[in-house]
Amino acid sequence: MSWTNIYAIVAILFSLSTNSFSQKLKIDHVIILVDDLKKAINEYQVRGFTIKGGHLHENGLNNAFIKFSNNSYVELMAIEGKPSDPLSEKYYKLLQDGTKGAYLALSGVSITSLQKRLTNLKIKYKTSTGNPWTYIFFYPNSGLEHVFFIENNSLRSEDSNIYNHENSSVRIDTVWIEGGLLLVNLLKDIGLTEVRTAALNEQNFSTPTGIITVIPVADKYKRPEIRAVSFESEESLKGTKVSY
């Protein structure tokens with residue numbers, strides 16, 4: 001067998017491995033920070049979304065959810081009272097800086113496989129292991145600090161009524177996220193499929209639970225953010241879009 005044929009086989013095997021990896025990787029959820037959780041819940045209900053209440057945590061974080069049957073969701077996060085640990089302090093600082101679209105969480109593949117891939121790509125990261133979630137997140141000022149990977153070790157069943165939204169939304173359609181070349185290359189390197197877009201300053205990547213659209217960072221002196229989320233509707237081609 002010639003070296004040309006060997007290289008071709010290796011390329012095919014790598015492509016198959018990459019495609020298998022990327023087909024599982026998906027939008028898990030988007031975290032949106034709000035100043036007043038009750039007010040935010042009311043605003044989303046007016047838009048026609050069903051809200052699942054969360055609970056007030058010991059560190060002062062309180063949350064609520066817009067959930068979909070494909071297990072993706074939007075999490076509304078607020079701080080009530082004084083933050084009392086590094087996580088709540090981080091969210092408090094983001095709110096003080098005017099950040100609303102805080103994080104895009106991706107899931108669907110094992111943390112172990114992601115660690116290997118990120119190490120091969122020479123991208124620095126941290127891992128946090130807990131119950132039931134394990135996270136991979138990135139350092140401040142890395143250009144990736146608004147993205148993290150999550151592996152849920154204990155999925156819970158939900159009441160199907162929370163998936164029924166008056167505005168007929170059935171899933172997240174697109175997440176618009178600020179980012180530069182590092183984010184674009186990361187999404188490519190982990191195997192997400194790039195899809196064409198009419199906009200010259202956008203790059204779109206397809207996942208089983210929605211499109212990730214990378215747009216230029218609006219303010220290079222600020223932390224990059226999630227700028228908008230749109231939702232696919234059964235009754236309308238346009239659906240609902242919320243900007244932050």
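The values are calculated or read from the model by the stated rules, or taken from the named source; none is laboratory data. Keep in mind that this is a model prediction, so the values were computed, not measured. Cβ coordinates were reconstructed from backbone atoms using ideal geometry, including for glycine residues, and neighbour counts include every protein chain displayed.
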Against the definition (buried (at least 17 other Cβ atoms within 10 Å of the Cβ), out of contact with any Gly (no Cβ under 6 Å at 6 or more places or on another chain), over 26 Å from ILE41 (Cα atoms) and among the hydrophobic types (A, V, I, L, M, F, W, C)), how does LEU181 come out, yes or no? no
Set GLU58, GLU151, GLU89, GLU145: member being over 19 Å from the mean Cα position of the chain (by Cα) and outside any helix (DSSP H, G or I): GLU58
Test set (1) farther than 16 Å from SER72 by Cα; (2) under 14 Å from the mean Cα position of the chain (by Cα) - GLN115 fails condition number: (2)
Tally time: how many residues in the range 107-142 are out of contact with any Ser or Thr (no Cβ under 8 Å at 6 or more places or on another chain) and either over 17 Å from VAL30 (Cα atoms) or in a strand (DSSP E or B) (or both)? 23
Restricted to the range 24-75 and to residues being touching a helix residue (DSSP H, G or I) at 6+ places or on another chain (Cβ under 6 Å) and aliphatic (A, V, I, L, M), the residue farthest from GLU145 (Cα to Cα) is ILE51
Scan the range 156-177 and give yes if some residue there is closer than 22 Å to VAL74 by Cα, touching a helix residue (DSSP H, G or I) at 6+ places or on another chain (Cβ under 6 Å), of a type outside the set (Ser, Thr, Tyr) and buried (at least 20 other Cβ atoms within 10 Å of the Cβ), otherwise no. no
Any chance the range 2-24 includes a residue that's at pLDDT 90 or above and touching a strand residue (DSSP E or B) at 6+ places or on another chain (Cβ under 7 Å)? no
Taking LEU192, is it out of contact with any Phe, Trp or Tyr (no Cβ under 9 Å at 6 or more places or on another chain), of a type in the set (A, V, I, L, M), more than 17 Å from GLU75 (Cβ to Cβ) and in contact (Cβ under 8 Å) with a residue 60 or more places away in the chain? no
Which ones in the range 195-241 are in contact (Cβ under 8 Å) with a residue 60 or more places away in the chain, assigned to a strand (DSSP E or B) and surrounded by 18 or more Cβ atoms within 10 Å (Cβ to Cβ)? THR207, GLY210, ILE212, ILE226, VAL229, PHE231, GLU232, SER233, THR240
Within the set of pairs 6 or more residues apart or between chains, which connect a residue that is charged (D, E, K, R) inside the range 41-58 to a residue that is part of a helix (DSSP H, G or I) and surrounded by 13 or more Cβ atoms within 10 Å (Cβ to Cβ) with Cβ atoms less than 7 Å apart? LYS52/ILE162
